[in-house]
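Structure record follows, encoded as structure tokens.
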Amino acid sequence: MGTENPGRPNFPMRPSFTPFASAPPTVRPFSPSGPGTGSESSNFRPIPPGAPPTMTPFSAAGPSPPVRFSDPSVPSAPIASVPPSGAPYQRFPTPPFPSAAQAPPNRAPPMGQPPFQPPAGQISVPPPFFRPQTQVLPVPMGSPPQNANFPPSSMNVPQPPTDSSLSGPRPNFQPPFPGYPSKQPAVSQAPSPFPAQQGSFMPPPASPSPFPSQQGSYGPPPVSATLGYQSRDQMQHPGSAPPTGGVQRLTEDFSSLSVQSIPGTNDPGLDNRSLPRPLDGDVVPSSFLEMYPMNCDPRYLRLTTAAIPNSQSLVARWHLPLGAVVCPLAEAPEGEEVPVINFASTGIIRCRRCRTYVNPYVTFTDAGRKWRCNICSLLNDVPGEYFANLDATGRRIDLDQRPELIKGSVEFVAPTEYMVRPPMPPLYFFLIDVSISAVRSGMIEVVAETIRSCLDELPGFPRTQIGFITYDSTVHFYNMKSSLTQPQMMVVSDLDDIFVPLPDDLLVNFSESRNVVETFLDSLPSMFQDNVNVESAFGPALKAAFMVMSQLGGKLLIFQNSLPSLGVGRLKLRGDDLRVYGTDEEHILRLPEDPFYKQMAADLTKYQIGVNIYAFSDKYTDIASLGTLAKYTGGQVYYYPSFRSGIHGDKLRHELARDLTRETAWEAVMRIRCGKGIRFTSYHGNFMLRSTDLLALPTVDCDKAYAMQLSLEETLLTTQTVYFQVALLYTASCGERRIRVYTAAAPVVTDLGEMYRQADTGAIFSLFSRLAIEKTLTGKLEDARNSLQLMLVKALREYRNLYSVQHRLGARMIYPESLKFLCLYGLALFKSVPLKGGYADVQLDERCAAGFTMMALPVKKLLKLLYPSLIRIDEYLLKPSAQADDFKNIMKRLPLVSENLDSRGLYIYDDGFRFVIWFGRMVSPDIAKNLLGPDFAAELSRVTLTEHDNEMSRRLMKILKKLRESDPSYYQLPYLVRQGEQPREGLLLLVNLIEDQMGGTTGYANWITLIHRQVQQN
Amino acid sequence: MVKMTMIARVTDGLPLAEGLDDGRDLADAEMYKQQVKALFKNLSKGHNEASRMSIETGPYVFHYIIEGRVCYLTMCDRAYPKKLAFQYLEDLKNEFERVNGSQIETAARPYAFIKFDTFIQKTKKLYLDTRTQRNIAKLNDELYEVHQIMTRNVQEVLGVGEKLDQVSQMSSRLTSESRMYADKARDLNRQALIRKWAPVAIVLGVVFLLFWVKTKLW
């Protein structure tokens, strides 16, 4: 068996449940021997286990196993002792069947489940666990009603030999198979009982006739993983499964940490090194795609758990957020682009009732004349042009020419009905503060330079429109008519009643007016270099820009350098007062002060204008108010505190260039649909909600993600699978209107344990952080942190109750393998900029800016920010010759503990937004000299990192470049810091070593202890 | 002055291009756009064969030309010289055919040639002012004959469909009303029957009653 069917191939087995449960007849076509099945399976793609129930999974199972199996000479069972199963079946008396018949209902939900992680992969599964289990066993045997539940667990026994380490111990577990207690006198006497259990496993609702064929398909019994899961599944059946036998499961289920702190001491009693750390970054759980291979890629849509609870009581017990994170335009790697489909005259095929787009999970019936919507199960007619015959298995014969029927991510070309107006051209409008502080910081120069260098790369040539307004105490408009040689400046000083001095030509077609635009950008820095105006008429300028843009919409980039001081939207210095913190007024500082901003944001969204804010001031600029504009228009806030062009220029240059040149979707709306019985209730991110479930996104790009929470509408879900469909209707820069559609399916489960097993830490924290940040806008920071902690504790306690009570785990802390980083990320979120500390820890503006940024970050980027990487590089720099593969070696991330900082080393800390390069006190002077040039001994805050003419410096630059390339959405500016250089070292690095105990915050080990203690206090 | 410009394929009414920021200072631009769309739909059904036509609508006039199965349509003020409007459309047509001529038949998505809007925008500006030397010269140019172009009213044009609607509406009203009439007639019939026989029945009833009373008393 092991040789025939190693590892993955086990999979196909799973689907075989479905037919039994839902459509027994489908079984028939698959005679174990048929070559026909072979051909089917070949065009079926390997994955089908995940296919919807009606798809005939048998073909998927592939002909080979059954064939082999029917040949009695091939030993089927995983363990050598198991005889061919064919014979045993006959031998079996009828009893197995009845008991089997009871089984199917239990088994129903699990269909399509992925295998859960092989136990081998789990951390610290102490062997002692096995022992207690044998003691437990007798219990199930005694109670006959449980029998039905148990057979599946038997499937664990035939552990695939691939897992050599575990196959040994496994046989010990046989006793739990209660299916045939009488037949299993002893642990070691496995052979014959085994097949028997398989027999019992058969759910056949039907008569014995299908039996042989099933036998064939079941033959390779080993699917230990998947089946094992089922055993778990039974667990939840109310009352059906006593905890017994659980230990075995337990070992597969979760990881544990022994936390034995001595009360009263500070010593957590934890081995710091053994704590789980996400040193590999964001790991996307693979189960999502494995279960339902036709699902869209997780880079677009991630669920916080890939197992949807079937009842509200289960939801209530799942204390973590339940929902999804959507990154609608995530960048796809080469070769995986989303296929574009044009239905032309047919029109886009959608469900009549729920408006779901046609997708791989719809089923065709009635000889191909009708299709059943997978979301609302309404039977729709297939339009004449879209008709295709069905083959014997009920699949359309033109399947391979219809990407929308086999792929979870597709893009449709939208017909006229999806347009309220012709597709708009890409439009960039710049609103630039030219008051004295802006001039002094050098921001204007960098901005003008960057825009000019990006002109060629602006998307949408030749339709791209462009325009500028500058402002100080007055608002300056620029006529860029193509026939002019130089732009004409018009100054409007009436701020109370702002008007646009010219109907046209303030917004021009860039390809026509290119010369004028270039002249303007060249002269912009010098035009205002002597400006001494300190005022900023931000509100009126914004209104003017709105008036100019309102016809077309587009992207508005605002460069703001001081607190808006004139006209509408005037803001005042709101005291970021220590005394406010800890009171009920605290959150007001983090909310927009003037309703003008929210009102303006609503208007801007209505006219399809997206705002990106670039803020530069060294003083308070009230990002909380300014950021509101970005928040409700699907934009982004870039914050460069105390901007100096010499230092931060590169960062601004890169990020502005990225903002201007990345692929952008215009005038978009997004909706996520889901199956009956569940509903998305709240949405989190930067957007405006147009109706209850329609997100208005004037501009979207690959760096934006949106999170949403899910709730159950009905008390009990009866379906076995839920489907989700995200649809983003947008105008591409090329002027095409398109609909991006992502479809995903997830199983409905009845077991809390399964939900934990399928949990996705990344998505959970994406949602978590958004909830927490929103909480800081309505309450105290303290409260937000407490509620976060409470959620973690509740979730872990629930999990503990699920397993530990009956297993006497005592002082061990247990958590699901899938959520092993739950505590760490929780701690990181606790210490993240928007949430951490109080008055003194973070500047108010910085806190707000970080909050706005984190509300939009995609999962991967967020996790990097929460748990940044720390890399030691001095060894690599000193190595005489560098090979390419060396690079991978040095990219080894270290835990964020200050103990890891060796004073002889050189480290890079990278949180995705900046680098901190840390020089140990005893780092070899060579390195410092080579990297920093002659002034290596100077104070590092005054030194900027530039490339010097030596190998070492070049290598460092190469490393930085590589790190930056891995994620281009933000530019990481290097900060240099030397060990012991206070307070710089503390501010830049030590504060961010989140596992350390710093100031009033807890360290990782202590945090675990704390959480553990709270978990235990029921 | 040109208010809006639309280009569509006649065979199926698929819009191909449209002027940028059309209808900027028009109060009810949407309504006119709807009219244009209805007009295109009519054209694709084979109504209005004339290849050049002016259609009055409110204070404005639609001018269109159909050439190579593409309809070029613009909306102008009534006062705007017809001659210039058609010149404008000719200009658009020439350029459009030159740039996109080969792909018109194969275009499968709406606004496939939206890039053309920049040209529309540019040309529109040339025709904005009727008093420029260039436009006056064009006006005086007798080569271009516009007098024979028919002018109709938009209600008339769009009315073809509307009238059909009306007829069907009327006929359906007729059926429903005739059904009502039938019902009423039946009702009347019954009433007449009652009126005819009721006295007889009453008399008979009284007679029987009397008989009954008589037998009872005796």
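The values are calculated or read from the model by the stated rules, or taken from the named source; none is laboratory data. These figures come from a predicted structure and were not determined experimentally. Ideal geometry is used to build each Cβ from the backbone, glycine not excepted, and the neighbour counts take in all protein chains shown.
The conditions of being closer than 29 Å to A:Ala732 by Cβ, within 14 Å of chain B (Cβ to nearest Cβ) and more than 45 Å from the chain's Cα centre (by Cα) are not met by A:Ser513.
Against the criterion of being surrounded by 21 or more Cβ atoms within 10 Å (Cβ to Cβ), under 18 Å from A:Gln1014 (Cα atoms) and among the charged types (D, E, K, R), A:Arg800 qualifies.
Screening the stretch A:411-439 for residues that are outside any loop (DSSP other than H, G, I, E, B) and of a type in the set (D, E, K, R) and picking the one that is farthest from B:Met6 (Cα to Cα) gives A:Asp433.
Considering the stretch A:604-621, the residues that are among the aromatic types (Phe, Trp, Tyr) and touching a Phe, Trp or Tyr at 6+ places or on another chain (Cβ under 8 Å) include one that is surrounded by the most Cβ atoms within 10 Å (Cβ to Cβ), namely A:Phe616. Is it the case that some residue within the stretch A:656-670 is touching an Asp or Glu at 6+ places or on another chain (Cβ under 9 Å), in a strand (DSSP E or B), surrounded by fewer than 24 Cβ atoms within 10 Å (Cβ to Cβ) and away from chain B (no Cβ under 14 Å)? No, the stretch A:656-670 contains no residue that is touching an Asp or Glu at 6+ places or on another chain (Cβ under 9 Å), in a strand (DSSP E or B), surrounded by fewer than 24 Cβ atoms within 10 Å (Cβ to Cβ) and away from chain B (no Cβ under 14 Å). Is there a residue in the stretch A:456-463 that is surrounded by fewer than 18 Cβ atoms within 10 Å (Cβ to Cβ), more than 14 Å from chain B (Cβ to nearest Cβ) and under 26 Å from A:Thr661 (Cα atoms)? Yes, some residue in the stretch A:456-463 is surrounded by fewer than 18 Cβ atoms within 10 Å (Cβ to Cβ), more than 14 Å from chain B (Cβ to nearest Cβ) and under 26 Å from A:Thr661 (Cα atoms). The set of residues in the stretch A:370-389 being surrounded by fewer than 17 Cβ atoms within 10 Å (Cβ to Cβ) and either within 14 Å of chain B (Cβ to nearest Cβ) or touching a strand residue (DSSP E or B) at 6+ places or on another chain (Cβ under 8 Å) (or both) consists of A:Lys370, A:Leu378, A:Leu379, A:Asp381, A:Glu385, A:Ala388, A:Asn389. Within the stretch A:471-482, the residues that satisfy the criterion of being in contact (Cβ under 8 Å) with a residue 60 or more places away in the chain and buried (at least 23 other Cβ atoms within 10 Å of the Cβ) are A:Tyr471, A:Asp472, A:Val475, A:Phe477. Just to be sure before I move on: is A:Lys861 modelled with pLDDT of 90 or more and closer than 30 Å to A:Phe768 by Cβ in the structure I sent? Answer is yes for this residue. Among the criteria (1) away from chain B (no Cβ under 14 Å); (2) surrounded by fewer than 24 Cβ atoms within 10 Å (Cβ to Cβ), the one A:Asp760 does not fulfil is (2). Among residues of the stretch A:546-560 that are more than 22 Å from A:Met443 (Cβ to Cβ) and within 14 Å of chain B (Cβ to nearest Cβ), those with a Cβ under 9 angstrom from a residue that is charged (D, E, K, R) and part of a loop (DSSP other than H, G, I, E, B), sequence gap 6+ or separate chain, pair up as A:Gln551/B:Asp21; A:Gln551/B:Arg24; A:Leu552/B:Asp21.
For A:Ile917, the conditions (1) within 26 Å of A:Ile994 (Cα to Cα); (2) at pLDDT below 80; (3) not polar (S, T, N, Q) all hold with the exception of (2). Scanning the stretch A:314-341 for residues that are more than 22 Å from the chain's Cα centre (by Cα) and crowded, with 18+ Cβ neighbours inside 10 Å yields A:Leu314, A:Ile341.
In the stretch A:846-864, how many are basic (Lys, Arg) and either closer than 14 Å to A:Ile623 by Cα or more than 13 Å from the chain's Cα centre (by Cα) (or both)? Residues flagged as basic (Lys, Arg) and either closer than 14 Å to A:Ile623 by Cα or more than 13 Å from the chain's Cα centre (by Cα) (or both) within the stretch A:846-864 amount to 1. If you go through the stretch A:675-705 and pick out every residue that is of a type in the set (Asp, Glu) and without any contact (Cβ under 8 Å) to a residue 24 or more places away in the chain, you end up with 1.
For the condition over 32 Å from the mean Cα position of the chain (by Cα) and away from chain B (no Cβ under 14 Å), A:Ala344 does not qualify. The listed residues are B:Asn153, B:Asn135, and the only one of them that is in contact (Cβ under 8 Å) with a residue 40 or more places away in the chain, touching a Ser or Thr at 6+ places or on another chain (Cβ under 9 Å) and more than 14 Å from chain A (Cβ to nearest Cβ) turns out to be B:Asn153. Here B:Leu92 meets the list (1) within 14 Å of chain A (Cβ to nearest Cβ); (2) at pLDDT 90 or above almost entirely, failing just condition (1). Of the residues contained in the stretch A:513-524, one or more are found to be touching a residue at least 24 places away in the same chain (Cβ under 8 Å), part of a loop (DSSP other than H, G, I, E, B) and surrounded by 17 or more Cβ atoms within 10 Å (Cβ to Cβ). Among the residues of the stretch A:406-426, those that are crowded, with 22+ Cβ neighbours inside 10 Å and either more than 14 Å from chain B (Cβ to nearest Cβ) or over 30 Å from the mean Cα position of the chain (by Cα) (or both) comprise A:Gly408, A:Ser409, A:Val410, A:Pro422, A:Pro423, A:Met424, A:Pro425. If the condition is being farther than 20 Å from A:Arg893 by Cβ and surrounded by fewer than 18 Cβ atoms within 10 Å (Cβ to Cβ), then the stretch A:953-967 contributes A:Arg954, A:Met957. Is at least one residue of the stretch A:921-939 surrounded by 13 or more Cβ atoms within 10 Å (Cβ to Cβ), out of contact with any Lys or Arg (no Cβ under 6 Å at 6 or more places or on another chain) and within 30 Å of A:Leu857 (Cα to Cα)? Looking through the stretch A:921-939, none of the residues is surrounded by 13 or more Cβ atoms within 10 Å (Cβ to Cβ), out of contact with any Lys or Arg (no Cβ under 6 Å at 6 or more places or on another chain) and within 30 Å of A:Leu857 (Cα to Cα). Exactly one residue out of A:Ala324, A:Ala316, A:Ala332 is modelled with pLDDT of 85 or more and in a strand (DSSP E or B): that is A:Ala324.
Taking the criterion of being facing chain A (nearest Cβ under 8 Å) and in contact with a Ser or Thr (Cβ under 7 Å, 6 or more places away or on another chain), the only residue of the stretch B:101-122 that qualifies is B:Pro110.
For every residue, the table says whether it meets (1) touching a residue at least 40 places away in the same chain (Cβ under 8 Å); (2) in contact with a helix residue (DSSP H, G or I) (Cβ under 7 Å, 6 or more places away or on another chain); (3) not in a helix (DSSP H, G or I).
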{"residue": "A:Ala707", "(1), (2), (3)": "yes, yes, yes"}
{"residue": "A:Leu729", "(1), (2), (3)": "yes, yes, yes"}
{"residue": "A:Arg740", "(1), (2), (3)": "yes, no, yes"}
{"residue": "A:Tyr756", "(1), (2), (3)": "yes, yes, no"}
{"residue": "A:Gly762", "(1), (2), (3)": "yes, yes, no"}
{"residue": "A:Phe765", "(1), (2), (3)": "yes, yes, no"}
{"residue": "A:Leu771", "(1), (2), (3)": "yes, no, no"}
{"residue": "A:Lys775", "(1), (2), (3)": "no, yes, no"}
{"residue": "A:Glu782", "(1), (2), (3)": "yes, no, no"}
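The requirement of being touching a Lys or Arg at 6+ places or on another chain (Cβ under 8 Å), at pLDDT below 90 and in a loop (DSSP other than H, G, I, E, B) is not satisfied by A:Pro285. Quick one: in the stretch B:14-44, of everything that is facing chain A (nearest Cβ under 10 Å) and surrounded by fewer than 16 Cβ atoms within 10 Å (Cβ to Cβ), which residue is modelled with the highest pLDDT? Per the stated criteria, the residue is B:Lys37.
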